[in-house]
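The values are calculated or read from the model by the stated rules, or taken from the named source; none is laboratory data. Nothing here was measured: the structure is a model prediction, and the numbers come from that model. A quick note on method: Cβ atoms are made from the backbone with ideal geometry, for glycine too, and the neighbour counts reach across all protein chains shown. Calculation scope for accessible area: heavy atoms of the full protein, side chains included, ligands and nucleic acids excluded. Shrake-Rupley method; radii C 1.70, N 1.55, O 1.52, S 1.80 Å.
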Amino acid sequence: MAREPGRGRRDRDETPEFQDRLVAINRVSKTVKGGKRFGFAALVVVGDQKGRVGFGKGKAKEVPEAIRKATEQAKRQMVRVPLREGRTLHHDTNGRHGAGKVVMRTAPQGTGIIAGGPMRAVFEMLGVQDVVAKSIGSQNPYNMIRATLDGLTREASPRMVAQRRGKKVADILRTGDEAPAAEATEAAEA
């Protein structure tokens, strides 16, 4: 099985289409004998808009180089998040990192992304279309993104819960009124 010419690692990395969003650029200066030296730190969120998202930060003397480094790091640190109907979260969740706290709630179709700043970038890159989110506490974009990803990694689909418990998805999704009645009839038959 011969490899096609020009098909290397570079082509494999670029096969999935990733979108990226620049969230913040921070200019820092170092005072030296001859004056000041400037550096730049970039915060980037990357996602495939189908349930995968990651963030990265990069530092360099030039802005484009800092963005490139941040994008590469974000692609290496991607996480998969289960989405309901490919448009919203399965359940309400909270996230926390340091002083940054976020609350994320599932929303009906047509709601849109109601979230601010860095959280909006994460949801857009993730592919969420309907969500209501609120940031409480730290307004630092790094902490907000980390808190958002903390909450999203706790997200569990009914399939994941059923698999963990060794049950069927139908048993997990049963409404609260039916479950006790079904268990009572099973107990009466036994």
- Note on the structure: Pairs over 26 Å Cα to Cα, from K36/K59; K57/K134; K33/K69, come to K33/K69
- Query: What order do L152, L173 take when sorted by accessible area (1.4 Å probe), most exposed first?
  - Reply: L173, L152
- Item | Local electrostatic count, R96, Cβ distance below 12 Å [Lys/Arg +1, Asp/Glu -1] | +2
- May I ask you to compute the full-extension gain from K50 to K33, defined as 0.36 nm times their residue separation minus their alpha-carbon distance, rounded to one decimal in nm? 1.1 nm
- Accessible surface of R96 - all protein chains present, 1.4 Å probe, nearest 10 Å²: 130 Å²
- Quick one: what are the phi-derived ³J(HN,Hα) couplings along the range 25-31, Karplus 6.51/-1.76/1.60 with θ = phi - 60°, whole Hz, x for glycine and proline? 10, 10, 9, 10, 10, 10, 8
- Kindly state, to the nearest 0.05, the FRET efficiency for E65 paired with A99, given R0 = 45 Å and r defined as their beta-carbon distance. 0.90
